[in-house]
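Have a look at the structure below before the remarks.
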Amino acid sequence: MNVARGRISFASLPTDIERRFPLDAWNNASRWDLTGLDASALFYEAFFAEEGGQQRGNCPNPAGCGNWSLDIPRPQWGVWFGDTWRVSSRLTVNYGARYDLDLGAMAPPLVGETDVIIDNGLFTENVGYRNDIKDFNNVSPRAGFNYDVSGNGGLVIRGGAGLFYSTLHSNPTFDQQLWNGQRVLTNTFRNDGRPGFVRDPTRGITGEDVVSGRVPLPPQGVYLFNHDHQLPAAFQTVIGVQKQLGQSMSVDADLTHARNYDIQSSIDSNLFYDPATGYNKPLATFGRPRPDYGQLRYRSSDAKTEELKLATSFTRRFRDNWQAGLTYTLMLVGEATTSDNPFCRQCEWGLASDFQRHTFRANGIYQLPFDITVAGAYFYGSGNPYQGTWSWNPFGSGAGTRLRPDGSLIPRNNLQGESIHKVDIRATKEIALFGSVKLSGIAELFNVFNHANYGSYTGTENSVNYQKPVQNLATAYTPRSGQLAFKLSF
C-alpha cells in the first residue's frame, strides 16, 4: 500500500510472464528477466519519506515527522449506568445512559495545521488540517420494556428505543497522518522513451532528492477530516409482540426502525462548481480551485441511512419427531446517501442498494426411524436495486459515474436485480459403536434445483452487457454442490 519500493504500470501483460518472473523467485529480483519490457511500460509510481524528520509544512514535532512511522494514540472512554425496574409482576422496565469519548480518531499527531482556502464558485471554505478535531457530545440514553399481557407468558408485548454511538476504524486516521503532503510524498515518472526505463525509471533521482525539495513534485493528493467531524450514531426503536400457540408453537412480530447519521464519507473538495449541472466542472478544461493540490479527499460525516422493517416468525419446537420454522421480513423503508455530488449531499438521498423488499426463510427437521434425520432449508430474497452508471467519468474525479456526458443524471439505484432462490437438504445417519461413542454419516446437497443466483449486474448504460449478470464473479450462492462427512462423538 505504501509503495515505498515503487511500482510500474504496463500497457499489456507479457505472454511469457511465467518465465520472466518465476513463482519460486517472486521476491528474488536477480532471477527476473526485464529485457524488452521498456516499450510497454507506462509509468513508475513511488512514495517517498526520509527517516529522521525532514518534512514539508509545519510539523508540531519535527523529530517524528517526515517518515513512514505511524503514531496513532486512541484513548477511548466509556461511562454508563443502567437499572431494571420491576413495576409489577407483569411489567418490567429497563433504562440507562452511556457516554463515549474517542480522543484520537480524528486528531492524529505529527501533522502540521494548515489553511487551505477553496473558492469553488458556490462557497468558500477552509479545508486545511486541524489537530483538535474531537467529538464530546456522545450521550446516549436508552430505555425498554416488557409487558406480559396474559400473566403466564402466553402473550407478551415488548419495545425499546435508544441512541448508540460508534467509533471510526483506524484507516482514515492512518491516511491523514501519512498522506498529507507533509510526511509522505508521491511522484509519478512517465516513460521517457529512452532505453533502460524499467531498470531505472527515476533516472538516478533518489528519495533524498524528492523529500528535500530538489525535485519538483506534482500537486499532492491528501486526506483530511472536516473540521466538525462527528462520530457515527444510530437511533433505533422497536415494538413487538409474541404469542404462544399451544405447547410447542409461537408467533412473533417486531417493527424496527433505525436511523443512522453522521456516517463518514469521502468527497473531493478541490473542484469547481458548475451551476448548469449542479456537479463539478470538467477537470481537463477548468482545472482545480487550488492547483497547488491534487485531489483533496475530504472525509465528512454527513451521510445517513434509514430503515423500517417488519420481521415476523413462526416456530414449531421439536415434538413428535419434527420441528419447523418460518421467518418473513418486509422492508418498508430503505434509503441512504451517497457521495456522488460534493456540492449537494442532500440531493444524494434515495433508495439504498441493500433494499430487499421481501425476505423469506423456511427450515424443518424430521426424525425418521433407524436414527436417520433429514433436514431442509429454503431461502427467498426479492431482487435488490443496483446503480446505473456511465462507463467513463465525463467531468473528472469527484463527479461520480451517474452523470452522463450531456449533463443528465442517472437516478439513484434505478435498476432491479433478479430474485434469489435456494433449497438445501441434509441427511444424517447415526450409528452407536460402543458405550457413548457414536459415528454419524452426513450427506448435504446445496442449491438443489441449481437456481442461478446473482449478486452483481452490469449497470453501465453504454455497455453491451447492460443489465446482464456478471458471470462467475458475482454469484450470490454457488451452483448445485454436495458434500459427504463423518463425525465421531464420544
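Quick notes on this one:
- Boolean, Q367 is surrounded by fewer than 19 Cβ atoms within 10 Å (Cβ to Cβ) and closer than 18 Å to I267 by Cα: no
- Every residue from the range 33-74 that is modelled with pLDDT of 80 or more, part of a loop (DSSP other than H, G, I, E, B) and surrounded by 14 or more Cβ atoms within 10 Å (Cβ to Cβ): L34, L37, A49, I72
- Hey, G154 out of contact with any Gly (no Cβ under 7 Å at 6 or more places or on another chain), surrounded by 12 or more Cβ atoms within 10 Å (Cβ to Cβ) and closer than 20 Å to R86 by Cα or not: yes
- Residue in the range 369-389 that is outside any strand (DSSP E or B), at positive phi and touching a Gly at 6+ places or on another chain (Cβ under 9 Å) present: no
- Every pair of residues 6+ apart whose Cβ atoms lie under 6 Å, when the first sits in the range 161-184 and is closer than 18 Å to H227 by Cα while the second is charged (D, E, K, R) and assigned to a strand (DSSP E or B): T167/D102; P172/R299
- In the range 25-36, the residues that are among the basic types (K, R) reach residues that are assigned to a helix (DSSP H, G or I) and surrounded by 10 or more Cβ atoms within 10 Å (Cβ to Cβ) with C-beta atoms within less than 7 angstrom, at least six apart or across chains, in these pairs: R31/A25.
- Subset of the range 1-32 (residues that are over 30 Å from L185 (Cβ atoms) and in contact with a Phe, Trp or Tyr (Cβ under 8 Å, 6 or more places away or on another chain)): R20, A25
- Whichever residue in the range 171-220 is under 30 Å from D71 (Cα atoms) and basic (K, R) and, among such residues, is surrounded by the fewest Cβ atoms within 10 Å (Cβ to Cβ): R214
- Qualifying positions in the range 153-175 - of a type in the set (S, T, N, Q) and modelled with pLDDT of 90 or more: S166, T173
- Unique match (being among the aliphatic types (A, V, I, L, M), touching a strand residue (DSSP E or B) at 6+ places or on another chain (Cβ under 8 Å) and closer than 30 Å to N171 by Cα) among L231, L245, L255: L231
- Counted residues, the range 303-332 - those being in contact (Cβ under 8 Å) with a residue 40 or more places away in the chain, surrounded by fewer than 19 Cβ atoms within 10 Å (Cβ to Cβ) and assigned to a strand (DSSP E or B): 17
- Residue that is surrounded by the fewest Cβ atoms within 10 Å (Cβ to Cβ) [pool: residues in the range 135-151 that are over 25 Å from A258 (Cα atoms) and of a type outside the set (A, V, I, L, M, F, W, C)]: G151
- T285 of a type in the set (V, I, T) and buried (at least 16 other Cβ atoms within 10 Å of the Cβ): no
- Some residue of the range 79-99 being touching a residue at least 12 places away in the same chain (Cβ under 8 Å) and in contact with a Leu (Cβ under 8 Å, 6 or more places away or on another chain): no
- Selection from the range 89-127 of residues that are of a type in the set (A, V, I, L, M), modelled with pLDDT of 95 or more and under 26 Å from A233 (Cβ atoms): V93, A97
- Test: residue in the range 234-251 that is crowded, with 16+ Cβ neighbours inside 10 Å, out of contact with any Asp or Glu (no Cβ under 6 Å at 6 or more places or on another chain) and within 21 Å of Y99 (Cβ to Cβ): yes
- Subset of the range 1-32 [surrounded by 10 or more Cβ atoms within 10 Å (Cβ to Cβ), under 23 Å from G193 (Cα atoms) and touching a helix residue (DSSP H, G or I) at 6+ places or on another chain (Cβ under 7 Å)]: F10, P14, W32
The values are calculated or read from the model by the stated rules, or taken from the named source; none is laboratory data. As the structure is a computational prediction, the values presented were derived from the model and not from experiment. Cβ coordinates were reconstructed from backbone atoms using ideal geometry, including for glycine residues, and neighbour counts include every protein chain displayed.
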